[in-house]
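Beneath this line is the structure, given in structure tokens, with notes to follow.
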Amino acid sequence: MGAGLLVRSYWKLTRVNPGFDPAGVLAVQLNLPSLKYDSAQKVVAFYDELQQRLRALPGVSATGLTEEVPLTSWGWTSQFKAQTWPAGHYGSEVAHRATNAGYFAAMHVPLLRGRTFGPEDGLKSPPVVLINQSLADQYFRDQDPVGQRVAFDKIPDSASTWYAIIGVVGDERQTSLGAETKIQFTTDFAQNPGNGMYVVVH
């Protein structure tokens, strides 16, 4: 009976759509030393040059960056509020990560609405964010989320940062094939650069 249940569970997992295509993808985790890369500009410049060199290698079709790779972790979570929502209405337990536009191409994660990150989104540009399909279905079911502004606070104040939703991307399984997809915000690496990132190469 135990063996039968194990085979049945395995059979079900093999039919779960992870939300990305892992075929031909390599992910390498880097952590730049903060003494040398002590500013956002230096961090962004390093990863930009690294990706340019990788894309020049034979057989490489796409490269990207991500704070968290699928099936490992959902990162940190927070509450959030849309600017158009009434007082007392907010969302909770939303996952966060940072990526760049190349990540979605390298992992074959579909863009469902709006746009992904572009050269117009940088350190000095207005903050932008992407949401996954689960978040759009749960909190923006009767309206278009693109163009909405959100803050990662239950009760935003003068110190809160407001992010414009620019697009909706497909769901990815964050922790395991057996766990449901968590609602998720994805910020632009160029606006939120971190020294520790995964470089994804297809």
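Some observations on this one:
- Across the chain, Cα pairs under 8 Å and at least six residues apart give a relative contact order of 35 percent.
- The trypsin sites (Lys or Arg not before Pro) of the stretch 59-152 meeting both criteria, a DSSP state outside H, G, I, E and B (loop) and at most 10 other C-beta atoms within 10 angstrom of the site's C-beta, are Lys124, Arg141.
- Furthest towards positive pole of dipole, Thr181, Ser39, Ser125, structure part the chain, Cβ charges: Thr181
- Anisotropy class of the stretch 49-202 from Cα gyration tensor, a/c 1.5 cut: prolate
- The slack between Lys154 and Thr84, meaning 0.36 nm per residue of separation minus the straight C-alpha distance, is 23.9 nm.
- GNM top mover of Phe46, Phe152, Phe104 - the chain, alpha-carbon springs below 10 Å: Phe46
- Most mobile of Asp38, Asp48, Asp21 in a GNM of the chain (Cα contacts under 10 Å): Asp38
- Between Ala40 and Val16, the contour length at 0.36 nm per residue exceeds the Cα-Cα span by 4.8 nm.
- Longest site-free stretch - the chain; sites: GluC sites (Glu not before Pro), DSSP loop, at most 14 other Cβ within 10 Å: 1-119
- The share of accessible area on the chain that comes from carbon and sulfur is 55 percent, using a 1.4 angstrom probe.
- Note on the chain: antiparallel DSSP beta bridges, both residues inside, total approximately 70 percent of the bridges counted.
- Residues in the chain average 54 Å² of solvent-accessible surface per residue, probe 1.4 Å, ligands and nucleic acids excluded.
- Fraction of antiparallel bridges per DSSP, the stretch 117-202 only, in percent to nearest 5: 55 percent
- Residue-averaged [θ]222 nm for the chain, counting only DSSP H segments that reach four residues, each worth -39500 (n - 2.57): -6000 deg cm²/dmol
The values are calculated or read from the model by the stated rules, or taken from the named source; none is laboratory data. None of these values were measured; they are calculated from a predicted model. Cβ atoms come from the backbone with ideal geometry, glycine included; neighbour counts cover every protein chain shown. With ligands, DNA and RNA removed, areas are computed over all heavy atoms of the protein, side chains included. Shrake-Rupley method; radii C 1.70, N 1.55, O 1.52, S 1.80 Å.
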